[in-house]
Structure formats: C-alpha cells, structure tokens
Amino acid sequence: MPYSLVIFDLDGTLADSLPWFRRNVNTVAARYRFRPVVDEDVELLRHSSTAEVLNHLGVSRWKLPLIARHIRRLKTEQAASIPLFAGVEAMLATLAAADIRLALVSSDTEANARQKLGASAQLFTAFDCSASLYGKAKKFKRVVKRIGANPAEVIAIGDETRDIEAARTAGIAFGAVTWGYAAEKALRDRQPELVFTRMEEIVERLVVTQAAAS
C-alpha cells in the first residue's frame, strides 16, 4: 500500500548531528555524572539498544529529563554547527510534490527543528517535538490522528532502534536510515519495513516505486 504520510525523525535522519553529539557528550557526562564516551565505545553503542546504551553509560533513568533539557539548550545555542545532510531539501520537496504529507517527531524543540530545516519547514503538515526518550510512540499516534491519516498508509523514518519500537507500538510502518546513530546491522536485526542506505533512496522507494506499482 502506498504511503500518504511520512513522519520524519530529525537528528541523525535529516540533520547530521552525530559529530555535534560526540563533541558535546562528555561535557554532559561530567555535568550529570555518567560514564564518558571514549572512541572505543562508539561502535559498541551504535550496535546497542537504547536500554543497553543507558546501562553501559550508567545513566540513571530519573536524570533523563534533566539531560534532555540540557541537550536541547545546547542545541539551541549551537544550532549553526548542526547542518542538514546533503540532499535533504530536494528529497523533502520531491515527496511533497508527490502529494505525500510530511510530519516531524523529534526529541528536539520545534523551534530548533524549524531553524535547522529552514525553508523546508513549510513543507511539513505537523510538528510534534520535545519527545522523551521513550515518548515517540504517543507522538506518532497523535500526529496520525491529528492529520486523519490511515495508519496503514503511514511510515516513520528514523535512525535509532527505539524509533522502530515506537513505530510498532503506534501501529505504523518504519523505514530505517543507515547514516545516523545506530549501526545498519542493529537496525536490520529489528526488521523494519524498509531500509534506506542513501538519501536518494527515500524518493526512489516512496515515490518512483509506488508510482510504478499504481
């Protein structure tokens, strides 16, 4: 069935924020007293679930809202240092031109998301931001209901294993991108409906292939 609504993640999917995160994570670790990330940890963490990452770093669950607010504040201050991935603007414009509605669900603030997206923000029908670490499923459901979409025609696109779990809980399909935070194997092991290894592949699979099948 063709997808009429695509719900995008921001960090690691549309915005190239992993280098920013690696520059800042140990400052945050020192402030909130969890284990710093060393170079040897990176691949291990990219293959781990969210719960495994938290356990490895020794992050207490009660600290998560405090850490999230601090990271959002840092992103606001340093927004100019977090670019979009190459090809994002053209990809979004092509989806919108094909009458596919776009929404964004992110742990970042809507203001930060709009600033990063620039002129492309006007292509989005809905924003539901400031999601907690495990709060995306509720936001997916809310966006689908607000837009009035058929869940069978909705796909979420993101780069983390927790996003796949959230989409399943919300009863929608998931497309995993391999250029973000989680390793490709970790994503494929959770069997998302689609896997995108190139930005251009989003249009190829959601517009070109769907048009040929109709």
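The values are calculated or read from the model by the stated rules, or taken from the named source; none is laboratory data. Note that the structure is predicted; figures quoted are calculated from it, not measured. Cβ atoms come from the backbone with ideal geometry, glycine included; neighbour counts cover every protein chain shown. Heavy atoms of the whole protein, side chains included, go into the accessibility calculation; ligands, DNA and RNA do not. Shrake-Rupley method; radii C 1.70, N 1.55, O 1.52, S 1.80 Å.
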- Residues of region 148-162 being acidic (Asp, Glu) and more than 19 Å from Tyr134 (Cβ to Cβ), in sequence order, are Glu153
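Looking at region 141-168, which of its residues are hydrophobic (A, V, I, L, M, F, W, C) and in contact with a Pro (Cβ under 9 Å, 6 or more places away or on another chain)?
If the condition is that a residue be hydrophobic (A, V, I, L, M, F, W, C) and in contact with a Pro (Cβ under 9 Å, 6 or more places away or on another chain), then Val144, Ile164, Ala167 are the ones that fit.
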- Item | Looking only at region 114-140, and only at residues there that are closer than 23 Å to Met91 by Cβ and of a type in the set (S, T, N, Q), the one that is least open to solvent (accessible area, probe 1.4 Å) | Ser120
- Within region 137-148, the residues that are of a type outside the set (Val, Ile, Thr) and closer than 9 Å to Ile172 by Cβ are Phe140, Lys141
- Message: Any residue in region 56-76 that is within 15 Å of Thr27 (Cβ to Cβ) sitting within a Cβ distance under 9 Å of a residue that is part of a helix (DSSP H, G or I) and open to solvent by 40 Å² or more (accessible area, probe 1.4 Å)? List the pairs, counting only those 6 or more apart or interchain.
- Response: Ile67/Arg31; His70/Arg31; Ile71/Phe21; Leu74/Thr27
- Message: Anything in region 8-42 that is aliphatic (A, V, I, L, M) and under 18 Å from Val88 (Cβ atoms)? List them, or say none.
- Response: Leu10, Leu14, Ala15, Leu18
- Task: Tell me, please, whether a residue that is part of a helix (DSSP H, G or I) and among the acidic types (Asp, Glu) can be found in region 95-105.
- Result: no
- Message: Residue under question is Ala182, and the condition is that it be in contact (Cβ under 8 Å) with a residue 12 or more places away in the chain, open to solvent by less than 70 Å² (accessible area, probe 1.4 Å) and either aromatic (Phe, Trp, Tyr) or not in a helix (DSSP H, G or I) (or both); does it hold?
- Response: yes
- Query: Taking region 142-174 as the region of interest, how many residues are over 15 Å from the mean Cα position of the chain (by Cα), in a loop (DSSP other than H, G, I, E, B) and closer than 28 Å to Leu44 by Cα?
  - Reply: 0
- Note on the structure: Over region 141-165, the set of residues open to solvent by 10 Å² or more (accessible area, probe 1.4 Å) and more than 10 Å from Leu5 (Cβ to Cβ) is Lys141, Arg142, Lys145, Arg146, Ala152, Glu160, Arg162, Glu165
- Query: Quick check, is Ala111 free of Cβ contacts under 8 Å to residues at least 40 places away in the same chain, touching an Asp or Glu at 6+ places or on another chain (Cβ under 8 Å) and part of a helix (DSSP H, G or I)?
  - Reply: no
- Task: Look at region 144-169 and say how many of its residues are in contact (Cβ under 8 Å) with a residue 60 or more places away in the chain and closer than 19 Å to Ser17 by Cβ.
- Result: 8
